[in-house]
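Structure first, then comments.
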Amino acid sequence: MRLFPDAWWPREITDAQRGDVYDCGIGKLESLSRLSVAALMGLVFIVITVNAVRGLLSPSHVGGIGVTTSLVAQVVVGSILKLGPEHSSPSL
């Protein structure tokens, strides 16, 4: 797993083309790859925003395993937090 996937692509290109003369150095390629990552993040932001606004304008019934899991988790966390003061636990 690479820590910086946006910097991996230009590195591969410059390593493959070593020895030739190109106008586009590794600095420019890193800028282009980061610009592509920023463009994808902007696209994802737009998609999420449009879906959120659509959900607010025409809400629908929520159901399924996610709701059940959330309710069970809230009951468990609520009971744990109620036990905190009784047992004087510093972590609760």
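A short reminder: the numbers here are calculations on the coordinates, not readings from a lab. Note that the structure is predicted; figures quoted are calculated from it, not measured.
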task: Rounded to whole Hz and in sequence order, give me ³J(HN,Hα) for segment 64-69 from the Karplus expression 6.51 cos²θ - 1.76 cosθ + 1.60, θ = phi - 60°, writing x for Gly and Pro.
output: x, 5, x, 5, 4, 4
message: Output wanted: per-residue J couplings in Hz (rounded whole) for segment 44-55, from phi through Karplus 6.51 cos²θ - 1.76 cosθ + 1.60, θ = phi - 60°, x for Gly and Pro.
response: 5, 4, 5, 4, 5, 5, 4, 5, 5, 5, 4, x
